[in-house]
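S.K.: Here it is, the structure, as structure tokens.
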């Protein structure tokens, strides 16, 4: 009983952190049909743009991730500061692409308010898991272009790699910022042409919304229905790995194997997979072991 009481007491602390802080927002750029970032150098540049955009603002980035064609940040601070951040990021991204001989005419950036602790946690976990959902060769903590690896990593405080921004030469500062006017915080650390995320991500603040490292890691690796819910909320489409969908469907019907489902169960599962998990026809056929033609008739493809 005492353990249960301890749990709710700790949950109350997390809730108080949420209620006394904020406001909180999830900032997401649209999924472009082409790649913003194609190489390691591009991803380094994208990281630097995020780090520079938040300088001078009353805004904390709790977690961030850069994908090939979009970005996410969960932030804490006034809406006007989040808006300034988004506009600075848009302007800097356009300038970066111009230097590469490319253009970014329209680039939708959404700022969605997070009004409950549950949704803040889901947003943090969603951003942390984004690489894992998109890339089968990535783990949430092993993706180089996101900050998930900072959370509850007690080795981070010992990180001294890289060079302090104040110790860079004028030429190095100008190359990093593409300007001689921007002076970054002296405590920023730079390594191999990239501002390190522990310099500009308030990962310790993000930790305050979870009871413990154990809770964070358990939820990070749990079934991914909340990812789909969050993706729909921000207007992003994701496809969960088949293994995760197998487990989710099995839990829906209380079976150990898809082969234990009746024909009616499979049709019901197909409809739920389409509505709740945003599964495509190919995944539905694979998971439920049904003929592709049957699924295409059930969910006609757009011509």
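The values are calculated or read from the model by the stated rules, or taken from the named source; none is laboratory data. The structure displayed is predicted, hence computed values, not measured ones. Methodologically, a virtual Cβ is constructed for each residue, glycine included, from the backbone with ideal geometry; neighbour enumeration extends over all protein chains shown.
S.K.: Taking the stretch 193-221 only, how many residues are exposed (fewer than 15 other Cβ atoms within 10 Å of the Cβ) and either under 17 Å from residue 143 (Cα atoms) or assigned by TED's automatic domain parsing to the domain that holds residue 250 (or both)?
M.R.: The qualifying residues number 1.
S.K.: For the stretch 31-59, enumerate the residues that are within 18 Å of residue 189 (Cβ to Cβ) and not in a helix (DSSP H, G or I).
M.R.: Matches in the stretch 31-59: 54, 55.
S.K.: For residue 65, are the conditions met, namely being in a strand (DSSP E or B) and at pLDDT 95 or above? Please lay out each step first, then the result.
M.R.: Details: in a strand (DSSP E or B): yes; at pLDDT 95 or above: no.
So residue 65 fails the test.
S.K.: Being assigned to a helix (DSSP H, G or I), in contact (Cβ under 8 Å) with a residue 12 or more places away in the chain and more than 15 Å from the chain's Cα centre (by Cα) is the filter here, so list the residues in the stretch 98-122 that pass it.
M.R.: 99, 117
S.K.: Tell me which residues, restricted to the stretch 273-298, are more than 13 Å from residue 240 (Cα to Cα), surrounded by fewer than 14 Cβ atoms within 10 Å (Cβ to Cβ) and in contact with a helix residue (DSSP H, G or I) (Cβ under 8 Å, 6 or more places away or on another chain).
M.R.: Passing the criteria: 289, 291, 292.
S.K.: Ok, one more. Would you be able to say whether some residue in the stretch 241-262 is modelled with pLDDT under 80, surrounded by 11 or more Cβ atoms within 10 Å (Cβ to Cβ) and more than 23 Å from residue 124 (Cβ to Cβ)?
M.R.: yes
S.K.: Also, I was wondering about something else. Can you go through 51, 82 and tell me which one is crowded, with 23+ Cβ neighbours inside 10 Å and out of contact with any helix residue (DSSP H, G or I) (no Cβ under 7 Å at 6 or more places or on another chain)?
M.R.: 82
S.K.: Still on this model: With (1) closer than 15 Å to residue 55 by Cβ; (2) exposed (fewer than 14 other Cβ atoms within 10 Å of the Cβ) as the list, and residue 167 as the residue in question, which single condition is left unmet?
M.R.: (1)
S.K.: Any residue in the stretch 25-38 that is surrounded by 12 or more Cβ atoms within 10 Å (Cβ to Cβ), at pLDDT 90 or above, within 24 Å of residue 102 (Cα to Cα) and out of contact with any strand residue (DSSP E or B) (no Cβ under 6 Å at 6 or more places or on another chain)?
M.R.: For the stretch 25-38, residues surrounded by 12 or more Cβ atoms within 10 Å (Cβ to Cβ), at pLDDT 90 or above, within 24 Å of residue 102 (Cα to Cα) and out of contact with any strand residue (DSSP E or B) (no Cβ under 6 Å at 6 or more places or on another chain): absent.
S.K.: Checking the structure you have, find out if any residue of the stretch 8-18 is farther than 14 Å from residue 201 by Cβ, assigned to a loop (DSSP other than H, G, I, E, B) and out of contact with any helix residue (DSSP H, G or I) (no Cβ under 9 Å at 6 or more places or on another chain).
M.R.: Going residue by residue through the stretch 8-18, those that are farther than 14 Å from residue 201 by Cβ are 8-18.
Checking which are assigned to a loop (DSSP other than H, G, I, E, B) leaves us with none.
No, every residue in the stretch 8-18 fails to be farther than 14 Å from residue 201 by Cβ, assigned to a loop (DSSP other than H, G, I, E, B) and out of contact with any helix residue (DSSP H, G or I) (no Cβ under 9 Å at 6 or more places or on another chain).
S.K.: Among the candidates 176, 125, single out the residue that is more than 30 Å from residue 214 (Cβ to Cβ), touching a helix residue (DSSP H, G or I) at 6+ places or on another chain (Cβ under 7 Å), modelled with pLDDT of 80 or more and not in a loop (DSSP other than H, G, I, E, B).
M.R.: 176
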